[in-house]
Amino acid sequence: MRRLLLAPLLVGCGHVDPAPADMDGLARWFWTEYDDASAEDVLTATANVWDAVLGDTLSNVPIDGALTDLSVEDVAHVELAEGTDPSLAAGVFFARSLACPIDKVETIVTALNQDELYEGVYDEYERAYTTDDAAYFARETDRIAWRADMAGKLLGTDFTESLFGGARHVGALGDEPFGDVLVARTWMPAPAVLDSNSRSFDQDYQMELYTGRGAEESVHFYAIWRQTSMGSGLDQDNEAVMRIILNNLADWDDGTETICADL
């Protein structure tokens, strides 16, 4: 049984549940309600996030913790391989500040050339928009979506995977010093292919929330549920594996700050 788990949020069907106040519930809410929540609901949930992690004092040192498992109902609205059991994926979250204004964060998150921005992360990478990108950047719609196909290394093992993802620009939170809100969601529709019979990477669900804070900074809330096995008992339930994932997420944000400084 996993340790350090928080009380789960009971998710309804066919309607948008009120935004909770705890970190575990908020991570699940943003994942499940990404499509259906109104802008007002998202802004309320965003305010709850920063209340929960003391966003007014959040620094670039991440706050992190464990999340409860996703359920079949939680992932019913996204395309997945038949028979996928999301409860096998372990979840973690972290929150930190970014030395990057929200408009530049949005430019980075939605860019097609992720491999050029994050040099050395991918061996191969191709992202294509699956919705009208011109309408999104003209603010005629609040959403943009894409598919990405990539190859790289996972703890030294070659792998290939496909991801579906997208972002949603919600508007301004309105409470000083917070500004515009950007939500992003990504998932792996089928297991990655690894060059190893003893390792696997079967599930990946990611939710990100960015909010501008002042003119030159943003705050970032990141939740991820992942099922992976590196052999020798090193799977998603191993604390060391989850710490590696959290460290990689922190490194990604450091890279985002570097990219931002050059925009």
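Each reported figure results from applying straightforward, stated rules to the coordinates on display, with no laboratory input. Please read all numbers here as calculations on a predicted model, not as lab measurements. Every residue, glycine as well, gets a Cβ built from its backbone with ideal geometry; the counts of neighbours run over all protein chains shown.
As I understand it, the dipole of region 23-262 uses +1 on the Cβ of Lys and Arg and -1 on the Cβ of Asp and Glu, about the Cα centre. Which of ALA90, LEU43, THR256 lies farthest toward its positive end? Toward the positive end, the furthest listed residue is ALA90.
For the peptides 200-211, 161-172, residues were scored by their other Cβ atoms within 10 Å and the scores averaged per peptide; the highest-first order is 200-211, 161-172. Computed per residue of the chain from DSSP H runs no shorter than four, each worth -39500 (n - 2.57), the mean residue ellipticity at 222 nm is -7500 deg cm²/dmol.
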